[in-house]
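For reference, the structure discussed in these notes is given below.
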């Protein structure tokens, strides 16, 4: 069953068009990541779904019930949509348990539900603490617990890990995903970090300039981005020129198969490879290249190599020591994405399979 | 980190200048307490018992509590509602209302009471007093609550709405509790003001402990009764000050003045827009228009009009020459306790911070007599100097200065000073060069508020000001005392006009008026 | 205004304030140290004091600096000040605050020449103070609410149920207190207490005499027990022909016709005894008494001086035979008021 469905949604603030026609369907129990650079409209989309702002045009349907259109606006308190804002925003005047109980009706089940949710989020010992007595990660989990407590139709998370340091952020992201799955919640997570999106989500919607540029599984979005912008938003990428002939592209790195997820192309194209797809070796297989510089990154090494007069940055796994000035050989693994000209259009409908 | 911070802060050594700076106002405030205690015990234990258990004491208690509770509640309700409408709705002329709503502060309660009671005798009653004083004192709640609302994290409201709470419930369960410290501080000021109010009540025929204290001093000499009544007032202030302190501690620092990244879209009042607007107009007309109209009326009908016009300039000069330096003294003395309680939290610093609030309920007459007593007995050289009057001003108005300063001091992190220390500044120098420039807006607001209060102060000015110095307030008192209402009118009007300036400045400082959409 | 400009403004303000502040603690009352300036603690209505002070300065070149306040508050202040009081002369609206100072031995004896200016009953028996002007206790009534023929024969009658909510009293006023003392002296303590209890039951309490007078004039209440001059100050403000109230003089030696006085004294602790005596002498001189009589509707007490106001002739007042000094400092009245629940 579809949990949320959005049709041709637009929104402007003054003369600035923030959303330019969003279409989106998300099945129940799935997690969607809205991925995009700041200012792309992802937070605005979230706020429209939550009901904090009124839509310009279009329609939002949640659980089969229309909640927003140009003519009607269900206020946020009647949408049954959980919301986790940036930095959590736990009510400072209530204990953690008080925060979690906030959205629950008075009654017999209330205390049990609070206990259950605190257990789910691993906070059962901290119920009587005030927010200022909790660490950043605990506050964030508390905010999620509060949002989950009333069993909402959907949970919206607005860059919830932004304020945390990197390690905590990664760990918490996985943890939160686990909690969301355990509670079988449908969720939309706004983020600008592709790793966060891939780790947590069933689907990723890549947004730019008020539009959804691509919608799909994390793998599809990563390996078969529909255009160069999506490729850049979803991770590091190597762009080189090539000539396409149906399902194969001829490049300076040799012939590369075109991804099966993408339509066939002909003629001059831009080829997109992920840095880790290009393998480096001292054996003379593949294309010869000059190693210009290498910077050791721990688990991998970033290497700048020149192929002919083209310089590209690739990612080399493992502990292999690379010497600048050496000649190396490059081979390409897997399929590539290729775009002809600049005319790639975003697909109009984004529906999960 | 949040847990560790206060512990770390406590471990830090408190600079000695801060301790001394806190000791001075604490000692000052202890003077009237000492005086009240000494004079009370002159009555002897049986005297105390027979005074406390009189029927009249009970009557006064009922009256005092009724008045204080009703005015505080009404002022809190009006102030909070106004703050919410101005800060959060599409009320027409929001920007203008932001200042206009605080302007009734410029009308001294005794001027408003005089106006209303001469308009209709029905206002000379408990109900009338509650009506007039609520209108006169709601800005003391409106200003801090508006400032708190402005800087409150909007995400709280979003979350509450998403958890199924409507606007009303969100207001009462999320917004109001967080505006709690601001609301509590404002309400405490109103409450203690009501305990100490005399001028207005004497016109409105309401008997409270303070009017009884004045009466005692009118009727008898070296009065133990008055001291006992003052002691009761102090006892009444205690639970209020304690409750406010608890509220502040429980909720923690209100995030005042930080400003949120995202401005909230104003709530649409819809069909309520016009009625709410009319409510604002009505309150403005009642609290400002009526008193001013009555003053004009007297000016046109009274035969004493024009009498004493040559006193106007000296009176303005007298008002300013006392109020301006007085404001500086009071604000200077208020700085240390606030700093100490914010930076070096602990039971002692909290007590030093709250002590002035306990004495705030005492009328100026008791404070002035206490200072006469103490200076005559122990500091004779100090008697009848401006310094003694300044001390009285400090005792009377420290809490207001503290409230005005607190918000801006809370915003300046101790880290800034630590950075200055690491760059080689000594503690006081670090404070002067880093903290002071950053709290100047708060200091400005406090100066304006205290100057405003000092300009209308009457009793201790009469008793302690240098001989021959008249102020606008003392001129109003003199002329109304002689029944010369028309002669009093220009002084009263000037008092309102001169007061409007600090009110405007204070409003700007505390909630800002420029950056509204 | 930009932040920088604002900061500058504040810093400038701070500098100005500091400049104001710096000399402040060292400033003593203007001219108080000047040997030629007398310090007057003034509880009398200021128009009167201003007039006589100015006339005195013109006549003698001696300047007077006045601290204004209510007589009782000033007396309380002088009691706290004790022998450190800067005051040279005290001019009180009523006699009881000045009697309180006299009881505590704070007053110097006035020169006999001064005391002789008034009939003996208007000077303190010990010569420590002198009555300056007199006024009469009266009943102010609103002409449209009650007619003068309905007025009772005695002030004691106002305590009866017939006068419920028709009589205004000001228990905190010194003159009312003196009236209580008069009732006690004329009728005994029990009757005085019963009278006060009746007034508490039936009368309406006002906090100031002006308010009570104004209430009668405005028709809020039918009558008020006050001093005669309060009516005249309203009359002067709005015009005698516009007055809706009038005065009833009870007369025939009733406590309701009590004559009370304003009074002056020289402080024992004052360092300018001769000048102080000179000023009080001037107040009682023909010239001084004329100035005082012109400034307010009271009876000048020096023989041969007439008030320019249309007062009922002093000889017709027919007051009870109680001299101001007999009224004391009012502490007896306070005990009664407390017992009756009025204080």
Of the residues C:255, C:310, C:333, only one is out of contact with any helix residue (DSSP H, G or I) (no Cβ under 6 Å at 6 or more places or on another chain) and under 20 Å from residue C:227 (Cα atoms); which? C:310
Helices (runs of 4 or more DSSP H) enclosed by the stretch B:435-517 - at least 3 residues per element that are more than 10 Å from chain C (Cβ to nearest Cβ): B:436-456, B:472-481, B:485-511
With the structure loaded, tell me whether residue B:50 is over 20 Å from residue B:362 (Cα atoms), assigned to a helix (DSSP H, G or I), under 21 Å from the mean Cα position of the chain (by Cα) and within 14 Å of chain C (Cβ to nearest Cβ) or whether it fails that test. no
Please enumerate the residues belonging to the stretch C:310-330 that are buried (at least 17 other Cβ atoms within 10 Å of the Cβ) and either within 14 Å of chain B (Cβ to nearest Cβ) or on the phi > 0 side of the Ramachandran plot (or both). C:327, C:328, C:329, C:330
Scan of the stretch C:66-82 for residues that are farther than 19 Å from residue B:473 by Cβ and either part of a strand (DSSP E or B) or in contact with a strand residue (DSSP E or B) (Cβ under 9 Å, 6 or more places away or on another chain) (or both), ordered by number: C:71, C:72, C:75, C:78
Tell me which residues, restricted to the stretch B:235-264, are surrounded by fewer than 16 Cβ atoms within 10 Å (Cβ to Cβ), under 26 Å from residue B:178 (Cα atoms) and at pLDDT 85 or above. B:238, B:239
Restricting to the stretch A:161-201, what's the tally of residues that are out of contact with any helix residue (DSSP H, G or I) (no Cβ under 9 Å at 6 or more places or on another chain) and without any contact (Cβ under 8 Å) to a residue 12 or more places away in the chain? 3
Give me the residue from the stretch B:323-364 that is surrounded by fewer than 23 Cβ atoms within 10 Å (Cβ to Cβ) and not in a helix (DSSP H, G or I) and, out of that set, nearest to the other protein chains (Cβ to nearest Cβ). B:345
Of all residues in the stretch B:122-151 being more than 24 Å from residue B:450 (Cα to Cα) and part of a loop (DSSP other than H, G, I, E, B), which is modelled with the lowest pLDDT? B:124
Within the stretch B:283-300, can you find the residues that are in contact with a helix residue (DSSP H, G or I) (Cβ under 8 Å, 6 or more places away or on another chain) and either surrounded by 15 or more Cβ atoms within 10 Å (Cβ to Cβ) or outside any helix (DSSP H, G or I) (or both)? B:283, B:284, B:286, B:287, B:288, B:290, B:291, B:292, B:294, B:295, B:298, B:299
For the list (1) in contact with a helix residue (DSSP H, G or I) (Cβ under 7 Å, 6 or more places away or on another chain); (2) surrounded by fewer than 18 Cβ atoms within 10 Å (Cβ to Cβ), I need the number of the one condition that residue B:36 fails. (2)
Any residue at all in the stretch B:135-145 that's touching a residue at least 40 places away in the same chain (Cβ under 8 Å) and more than 21 Å from residue B:445 (Cα to Cα)? yes
Only one of A:204, A:199, A:190 is at pLDDT below 90 and under 12 Å from the mean Cα position of the chain (by Cα), namely A:199
May I ask you to say which residue of B:267, B:232 is in contact with a helix residue (DSSP H, G or I) (Cβ under 7 Å, 6 or more places away or on another chain) and at pLDDT 85 or above? B:232
For residue C:194: the one exception among (1) part of a helix (DSSP H, G or I); (2) within 14 Å of another protein chain (Cβ to nearest Cβ); (3) at pLDDT 90 or above: (2)
Have a look at B:142, B:138 and point out the one that is closer than 21 Å to residue B:269 by Cα, crowded, with 24+ Cβ neighbours inside 10 Å and under 15 Å from the mean Cα position of the chain (by Cα). B:142
In the stretch B:81-121, which residue that is under 26 Å from residue B:458 (Cα atoms) and outside any helix (DSSP H, G or I) is farthest from the chain's Cα centre (by Cα)? B:120
Restricting the stretch A:133-149 to residues that are in a loop (DSSP other than H, G, I, E, B) and buried (at least 20 other Cβ atoms within 10 Å of the Cβ), which is modelled with the highest pLDDT? A:149
Restricting to the stretch C:23-55, count the residues that are in a helix (DSSP H, G or I), surrounded by 15 or more Cβ atoms within 10 Å (Cβ to Cβ) and modelled with pLDDT under 50. 2
Could you go through the stretch C:164-185 and let me know if any residue there is surrounded by fewer than 17 Cβ atoms within 10 Å (Cβ to Cβ) and over 26 Å from the mean Cα position of the chain (by Cα). yes
So, residue B:78, is that one in a helix (DSSP H, G or I) and either modelled with pLDDT of 90 or more or crowded, with 20+ Cβ neighbours inside 10 Å (or both) or not? yes
State whether the residues of the stretch A:24-40 include one that is buried (at least 22 other Cβ atoms within 10 Å of the Cβ), within 22 Å of the chain's Cα centre (by Cα) and within 14 Å of chain B (Cβ to nearest Cβ). no
Residues that are part of a strand (DSSP E or B) and away from every other protein chain (no Cβ under 14 Å), drawn from the stretch C:92-134: C:108, C:123, C:129, C:130, C:131, C:132, C:133, C:134
Qualifying position, being modelled with pLDDT under 95 and away from chain B (no Cβ under 14 Å), among C:235, C:293: C:293
Residue by residue through the stretch C:142-157, note down the ones that are within 15 Å of residue C:249 (Cβ to Cβ), assigned to a helix (DSSP H, G or I) and in contact (Cβ under 8 Å) with a residue 60 or more places away in the chain. C:148, C:155
Consider residue B:179 carefully, then state whether it is within 14 Å of chain A (Cβ to nearest Cβ) and either touching a residue at least 40 places away in the same chain (Cβ under 8 Å) or under 27 Å from the mean Cα position of the chain (by Cα) (or both). yes
Looking only at the stretch A:88-110, decide whether some residue is surrounded by fewer than 21 Cβ atoms within 10 Å (Cβ to Cβ) and touching a strand residue (DSSP E or B) at 6+ places or on another chain (Cβ under 8 Å). no
So how many residues does the stretch C:205-219 have that are at pLDDT 90 or above and either at the interface with chain B (Cβ under 8 Å from one of its Cβ atoms) or under 13 Å from residue B:125 (Cβ atoms) (or both)? 1
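The values are calculated or read from the model by the stated rules, or taken from the named source; none is laboratory data. None of the values given here were measured: they were computed from a predicted structure. Counting neighbours? That spans all protein chains shown, and the Cβs are built from the backbone with ideal geometry, glycine included.
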